[in-house]
1. Over the residues of segment 20-148, compute the C-alpha Rg and express it relative to 2.2 N^0.38 Å.
2. What's the FRET efficiency of GLU49 with ILE72 using the Cβ-Cβ distance as r and R₀ = 22 Å, to the nearest 0.05?
3. Between the helical axis of 101-112 and the dominant principal axis of the chain, each derived from Cα atoms, what acute angle in degrees is found, rounded to the nearest 10?
4. If r is the Cβ-Cβ distance from SER98 to GLN150 and R0 is 22 Å, what FRET efficiency results, to the nearest 0.05?
5. Which net charge results for the neighbourhood of ARG13, defined as the other residues with beta-carbon distances under 11 angstrom from its beta-carbon, given Lys and Arg at +1 and Asp and Glu at -1?
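What follows draws every value from the coordinates through simple rules; no lab data is involved. Since the structure is predicted, the reported quantities are computational estimates derived from the model, not experimental observations. Using ideal geometry, Cβ is built from the backbone for each residue, glycine included, and neighbour counts are taken over all protein chains shown.
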Amino acid sequence: MVQVPKDSEDVSRVMAFIHSRLSRLRFSLRRDVVDHRDILLLSFFNRGECHFLMNVYSDDHHSAVKFMLDQIIDIPNLLYMSGDFNVRDAEWDPSVSSHPAAGQALVDLADSLGLVCSLPEHPVPTYYSDTDSHGNSVIDLIFLGMSCAQVLHCIEPDLRWPCC
């Protein structure tokens, strides 16, 4: 699933793949709740109740996070928010010693949505730099609803594909 752009400036940078075996859950793209090119909000029904999943790309200006904080978006039954947040922070990256304002904004956003950061069982970078001057880092994150907060996850090492 991907949002259809409104114009050439609105091209989406997020998408989701829904396996056909999940079709009975009736997944829907919910632009009526959040309408931003870098935020993909999906709803689905399970046992008569509507739940939400969110995929986010927040650029180096943190525009998606700022948008959600500015809009004061309330999404009941949001189970999961993940994506590339482009924020290096000591809270989730052992190679960082600081807690920048962008990291605090992301934590505040997650908290306002009833989510907590889910750290992997074994910390590994989620972004591998192509240059020696920029170290590997953790910028791809998973936030879970309080009912799922005890769920553990693993991150497989980044696979480098040869250029074609």
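1. 1.11
2. Step by step, r from the Cβ atoms, then E = 0.40.
3. The answer is roughly 30 degrees.
4. That pair, SER98 with GLN150, gives E of 0.20.
5. -3
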